[in-house]
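These notes are about the structure you will find just below.
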Amino acid sequence: MTAALTADRQRLADPSRQSPGAIIFMAFRFLRQLNIFQIAVPFYLFISGRLSLEFLGLGALALVLWLAAAVVKWWRYVFWIEGDELKVARGVFSLERTAIPLDRVQSVSIEQQVLHRLVNLVRVSVDTAGSSSAELVLDAVSRDSAEALQRLAADFQASRVVTTTGAEAGEEPGTSQHVPPPPSRVLVKRTPLELVKVGLARWPLAGLVVLGPLVAAGADIAETFAEQLGGFLPDGLVVEEELDSLSTSAIVGLLLLVVAVAALLGWTLQVLRSILTDWNLTVTQTAEGLRRDAGLVSRRSHASKTRRIQSVDWQQSPVERLLGISRLRLQIIGEGDLVVPGADEADVSTLNAIAFGGATSDSPPPDRGVSSAMVFLAVRNAAFAMVASVLGLVVLSRLSPEIDWRWWMVTPLLIVPLQLASSWWRWRNLRWGANSGRIVRTERFVGRHRVEMENIKAQMVSVTESPFQRRRSLASVTVSTPEGGMSVPMLANDEAGDLRDLVLAGIESDSRAWM
Amino acid sequence: MAPQALPTPPSPSEAMTVAPASPPTAAFTNQRVAPDQLPRLDPGSFEPVAPAFARMRLFMVGLSSVVGTVLVGVVGLAVLDLALPVVITAVAAVLAACLAIALFQRAEARRMGYQVRSHDFSFRRGVVWRRVDTMPFARVQHAVIRRGPVERFFGLATLHLRSAGGSLLVTGLDTDRSDRLKTLVVERAGALADEELMEQG
């Protein structure tokens, strides 16, 4: 064991509490457990003045008790390293002791939110194989302690006990030695300029979705404001009259201007978001697997074992393609996926090689298609819906004298050829491939999408047949993993059976751990 | 372009004999064998569920039809004050719907079945939308047997197999068979978990 690891062990050997700052986080965690009703009713009673002085006194008492409970909880929560286990003792009335063997720790994530930054503390989440969410969360500890814990867990992940024969080194047979973990290696590092590119490549109007409610509320406020100021407004400011007086081309121009301003605002927000969330994004290959650090205001460090990666999801929009970047998502069990925006070809290749490092087979070529019945189904459904809606309009115009028949009422039918074109394009570019080790599915519509997984990650395989598929001897195959999975639609029955058997053989013949 | 045949998967029994490598992911080998050595999931070899399951479903539909008839009759005559022929028509509609559901349930119960192979468990269900789920024993996290009051009355049980990525609800098993299947699944899953641990050294 190195001197650094010995120092880490010594640092964590004595039972210690979290930082007093954790009291605030523990108190807030209790608040988060309350439902909206439990918070909203007292708040409403308070602001509507319906609470008597006695109730206010009770409220103040509850507040004091709440803070006192958080303090006691913090006082009674200690953690330490004993032997090869991380131990935690907690509880006020009933004592709860937890021992997590360090070799069972899958990942240790360190996160620093805004509040943490003010007091220079971090939040630590410890994941184990037995849970899909964090097994243990330390709300606020010093960065040194957190990193010591991360290093110790990493050492256990990487170092393996090797039983020597004693023949070469002259050691006693049967003795064990630790093999030191490989050194960390930075795989991806994003510069601010690359983050700007990532922000610009995102769909600009997506960022405006969050502004929707604000705009809606803003309209209400403006209306109320206008009503109150109605007497003072000059007649020329009545919007409806202004719009009526505009020509069609002016209205189109105005709409285009609104869209342009919205897009500009959207892009600005996306760039800001990209910089705030992914500032100084670094993906490091560590002894335990991969670690992703990013964030400007709230900095998050997420480390995970390579084995926990379930599938690799790669996406590229047309703009991203133009800029030579893409978005890679390593789907991981537990506390979130490892997302790498702005990934170039080298990044994709490196991360793929790591994600599939232990794979027993090469990536299968996605050279197989699905049945063209997929196009027929999509067009048939669209045609039914559109013809029904046009017939509905015809009936309405006949029944109601207020609705006149207009030529543009047949325009919904235009969706049918559009659906034909889009589903044909989608079908042509939906490809999949499988071998004894892996399964891959690629799509190309507006953007490109590729999902690849190892067969041993599959938990269950399902073959489904709808009545439409059964009439055509078709079926769909769904391969489930803890993080979603993959589905291949519209395969010939035999092919679906072959794919199922291939995936099952992959699972059942490979005794490597899937996680 | 006609698609090529899928690559030959390895036989489970063949691949299991490969010596454990160390470290497990570095020198792992996965030998290929002839495709006819791979056991196929045979659609004709599904074991049907217990006949009592169809009876239970019919009993439930019968119960619903009685409740529905009484409800329609009482609401139609006493609350809405409808004419007797209208109420009789409504009751007939309810009974016809229940009959259709009963026929559907009977067909579904007849189609349901399970298949146990040495490495996995499959369950087939559905009449209109058909589905076959297969869960390898190596992925079973835990197995639970549930017996509701109606199931107990008919001597049935439901075996619930859970994995990290989905679960399999095997309904319509008689009590004895559900116990035996659960024991088998747990034993196989345990043996495979031990094997996996040995593989990891």
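The values are calculated or read from the model by the stated rules, or taken from the named source; none is laboratory data. This structure is a prediction, so every number in the text was calculated from the model and none was measured. Backbone-built Cβ (ideal geometry, glycine too); neighbour counts: all protein chains shown. Each accessible area value is taken on the protein alone, full model and side chains, heavy atoms only, with ligands, DNA and RNA left out. Shrake-Rupley method; radii C 1.70, N 1.55, O 1.52, S 1.80 Å.
Table for the structure above
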item	result
Gain in span if fully extended, A:R29 to A:W408, counting 0.36 nm per residue against the direct Cα distance	130.9 nm
Where labels lie 7 Å past Cα in the beta-carbon direction, separation of B:L184 and A:L63 in nm	6.5
Value of relative contact order over the stretch B:51-109, rounded to a whole percent, pairs C-alpha under 8 Å and six or more apart	50
Directionally averaged projected area (convex hull, Cα atoms, the stretch B:51-109), nm²	3.6
Three-way shape call for the stretch B:48-201 based on the alpha-carbon gyration tensor, with the a/c threshold at 1.5	prolate
Pairwise burial B:A, computed as accessible area of each alone minus the pair, summed, 1.4 Å, Å²	3800
Relative contact order [Cα under 8 Å, 6+ residues apart], the stretch B:108-201, whole percent	21
Label-to-label distance, nm, for residues given as B:I88 and A:V259 (7 Å Cα→Cβ offset)	6.4
Binned Cα-Cα distances of the stretch B:114-201, short to long, each 10 Å bin given as a whole percent	17, 45, 29, 7, 2
Inter-site label distance for A:R471 and A:D84 at 7 Å from Cα along Cβ, in nm	6.2
For A:462-470, mean number of other protein chain Cβ atoms within 10 Å	5
Whole-angstrom gap from the stretch A:334-354 to the stretch A:391-428, using each part's C-alpha centre	44
Difference of contour (0.36 nm per residue) and Cα-Cα distance, A:F93 to A:A353	88.5 nm
Accessible area expressed per residue, the stretch B:67-190, with surrounding protein chains retained (probe 1.4 Å, Å²)	51
Cβ neighbours within 10 Å from other chains - mean over B:116-122	3
Packing-based order for A:468-476, A:64-72, using average beta carbon neighbours within 10 Å, highest first	A:468-476, A:64-72
From phi via Karplus (6.51, -1.76, 1.60), per-residue ³J(HN,Hα) for the stretch B:49-59 in Hz, x at Gly/Pro	6, 4, x, 5, 5, 5, 5, 5, 4, 5, 4
Global geometry of the stretch A:373-426, whether rounded, prolate or oblate, following the gyration tensor of its Cα atoms and the 1.5 cut on a/c	prolate
Packing-based order for A:354-361, A:247-254, A:39-46, using average beta carbon neighbours within 10 Å, highest first	A:354-361, A:39-46, A:247-254
Calculated from backbone phi, Karplus (6.51, -1.76, 1.60) coupling profile of the stretch A:256-271 in Hz, x at Gly/Pro	4, 5, 4, 5, 5, 5, 4, 5, 4, 5, x, 4, 4, 5, 5, 5
Cα gyration tensor, the stretch A:471-515 - rounded (a/c under 1.5), prolate or oblate	oblate
From phi via Karplus (6.51, -1.76, 1.60), per-residue ³J(HN,Hα) for the stretch A:499-515 in Hz, x at Gly/Pro	5, 4, 5, 5, 5, 4, 5, x, 5, 7, 9, 10, 8, 5, 5, 7, 9
Other protein chain Cβ atoms within 10 Å, averaged over every residue that makes up A:498-504	6
